[in-house]
1. Using the Cβ atoms and a cut-off under 15 Å, what net charge is assigned to the surroundings of GLU41, where Lys and Arg are +1 and Asp and Glu are -1?
2. Would you rank LYS25, LYS208 by solvent-accessible area, highest first, keeping every protein chain in place and using a 1.4 Å probe?
3. If I compute solvent accessible area with a 1.4 Å probe over the protein chains, what percent of it on the chain is carbon and sulfur?
4. To the nearest 10 square angstrom, what accessible area does ARG317 show with a 1.4 Å probe?
5. Once Lys and Arg get +1 and Asp and Glu get -1 on their Cβ, which of VAL501, PRO478, HIS528 lies farthest toward the positive end of the dipole of segment 465-551?
6. Would you mind calculating the relative contact order of the chain from Cα pairs under 8 angstrom and at least 6 residues apart, reporting the percent as a whole number?
7. By the scheme Lys and Arg +1, Asp and Glu -1, what is the net charge of all other residues having a beta-carbon under 11 Å from that of ILE294?
8. Report, in deg cm²/dmol and to the nearest 500, the calculated mean residue ellipticity at 222 nm for the chain, where each DSSP H run with n ≥ 4 adds -39500 (n - 2.57) and the sum is divided by the residue count.
Amino acid sequence: MRTYTGIAASPGYAVGPVFRIRRQKIVPERRQIAGTEVAAEVARFHAAVGRARAEIQVLVDRLTTELGPGEAEILSAQLLILEDELVWDATLALIDREKVNAEAAFARAVADLAARFPGLEDETFRERVNDLRDVEQRVMRGFLGEKAATLQGPGEPSIVSAVNLTPSDTAALGHRNVLGFIMDEGGNTSHVAILARSIGVPAIVGLKGRAVARHVGQVVAIDGTDGRLIVEPDTETTEQFHLMTRQQIVINEKLAGLRDLPAVTPDGHRLRMMANIELPVELDEALARGAEGIGLLRTEYLFFQHQTIPSEDDQVRMYSEMVRRMEGKPVIFRTLDVGGDKVSDYLGAKREYNPFLGWRGIRFSLANRQLFKTQIKAIFRAASHGPAKLMFPMITGVQELRQAREVVDEVQSELQQDGIEHGADLEVGIMIETPSAVLAADLLAGECDFFSIGSNDLIQYTLAMDRGNTRVSYLYQPLHPAILRSIQRTVTAGHAAGIWVGLCGEMGSETRLAEVLLGLGLDEISLHGAALPKIKQVVRWTSYTEAQQVVANLIDLPTADEANQWLAAYIADRKRQRENGGN
Ligand code: PEP
Ligand code: MG
């Protein structure tokens with residue numbers, strides 16, 4: 001039994017075998033080649049190895065900068081395998097002498113080498129064979145180039161492990177058989193963490209290298225509440241985990257009783273509680289937990305599920321289905337937020353040197369005007385089936401908002417002209433997730449219908465910390481005075497202009513922060529379905545006046561540490577009072 005600690009990214013407990021995410025295995029076809037083709041096949045082999053090498057080098061460089069050289073060791077070992085003379089000689093010999101196509105020759109050479117390892121009980125040999133298989137598949141993908149295959153999820157209930165999963169990976173993976181996630185890289189607001197919270201399974205990220213790669217097939221226990229990963233837990237620990245899981249179920253059942261009650265404080269202040277979703281499968285969970293609507297639909301995930309851009313009619317179908325299923329409750333459609341970590345080759349958003357400061361969100365949409373216009377049209381058409389709102393991501397100032405609204409106006413007049421059924425004037429809102437949007441909030445408020453604060457990016461950009469980088473994850477500080485003041489300023493600016501202000505970042509799912517968000521005067525919080533009942537419970541327990549007092553105490557504390565300590569002491573005190581029968 002060994003314990004590792006990482007970043008607690010999604011609460012809960014699970015025990016199960018580790019399933020390491022791999023792309024679908026590519027098994028090459030064996031083909032006999034003519035003597036005249038030998039040189040071309042050797043050249044293909046060189047090119048494929050070259051691509052695999054470049055791919056590994058990028059990962060090594062990234063791990064080295066983000067986690068340090070020790071963490072990149074495993075991948076550096078893979079580079080050595082690519083140089084292995086035994087593999088090279090055997091491959092070239094098979095191509096030349098047996099006239100076998102390059103990919104089949106390489107696969108045979110790797111299999112022969114793997115067969116030389118005496119037994120897989122020994123951990124070192126097991127790792128080495130795992131590395132060999134990884135390298136083999138990388139080279140196979142190198143042969144296929146862009147046409148590489150997609151990810152394969154677990155066939156039985158498992159803890160999914162990966163070095164990192166991109167949002168498009170998680171969309172491709174789905175949720176089937178996923179008991180929880182463990183990941184080497186990542187921070188609190190990386191998309192695996194968001195997905196895990198959304199489907200209500202535990203996750204630990206930032207495990208820094210070895211923990212994930214070493215335990216394929218072994219049973220692990222994960223505690224996503226405290227960030228503990230226990231490898232091969234003993235019977236006592238396993239029982240303890242099962243007990244904690246059962247307790248969690250009992251608590252959830254109690255909270256389920258709140259489903260149809262409003263999120264209203266004892267002194268009558270009302271907060272709207274909505275759900276964040278990525279895919280239609282999450283919609284039922286959101287409704288079951290009492291969401292009053294969808295406060296953030298990340299439409300890019302619907303695109304990632306397809307490997308081609310869905311047509312306007314396809315989008316109308318997808319969006320309409322969601323609007324209909326919400327039975328009169330509003331859906332806020334956020335237009336595509338690709339770029340940053342949400343890269344998708346087929347949409348044309350490429351990996352960039354500084355991706356979060358690059359071509360993402362509204363910048364990408366404005367540059368791909370036709371794609372943007374089609375999406376907005378589809379949203380307007382879907383809005384004929386029920387209430388919908390439109391929201392733009394990554395707005396940095398009024399100019400972008402005006403350009404986006406121009407497209408909205410164009411869409412409306414075209415739909416009108418063509419006599420196509422569509423929703424009436426939709427509310428048009430923006431995400432406030434860049435410091436410039438906060439500072440210009442008073443100017444922006446005059447030109448849109450609502451604000452929704454994206455605290456994940458707002459924290460990233462305000463505190464200059466990459467939200468997916470484990471090394472700087474300690475800077476994810478929702479209680480940093482700069483963050484609290486940014487939210488306060490945004491709410492004040494919105495209310496002064498008569499528009500409503502919500503928050504849809506991960507801050508909204510943290511129980512300890514519920515009172516703070518309430519006291520900041522937000523009108524709406526949108527969060528993951530699974531976390532909704534807990535937050536509602538806090539709102540129903542806390543008077544608005546007291547929540548405002550909490551904010552007044554926190555907002556002038558100079559450091560996030562002091563704010564965390566103050567809040568922890570306050571919450572402990574409130575809990576004691578409640579247990580003693582007070583309010
Ligand atoms: C945010 O940035 O807080 C947000 C909700 O958007 P995303 O996590 O999709 O960037
Ligand atoms: Mg964002």
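1. Net of charged neighbours comes to +1.
2. Ranked list, largest accessible area first: LYS25, LYS208.
3. 51
4. Looks like 150 Å² after rounding.
5. After comparing all options, I get PRO478.
6. Reported as a whole number, the value is 15 percent.
7. Around ILE294, the charge tally is +2.
8. -15000 deg cm²/dmol
The values are calculated or read from the model by the stated rules, or taken from the named source; none is laboratory data. Computed from a predicted model, the values in this text were never measured in an experiment. For neighbour counting, all protein chains shown are included, and Cβ atoms are generated from backbone atoms with ideal geometry for every residue, glycine included. Side chains included, ligands, DNA and RNA excluded: accessible areas come from the protein's heavy atoms. Shrake-Rupley method; radii C 1.70, N 1.55, O 1.52, S 1.80 Å.
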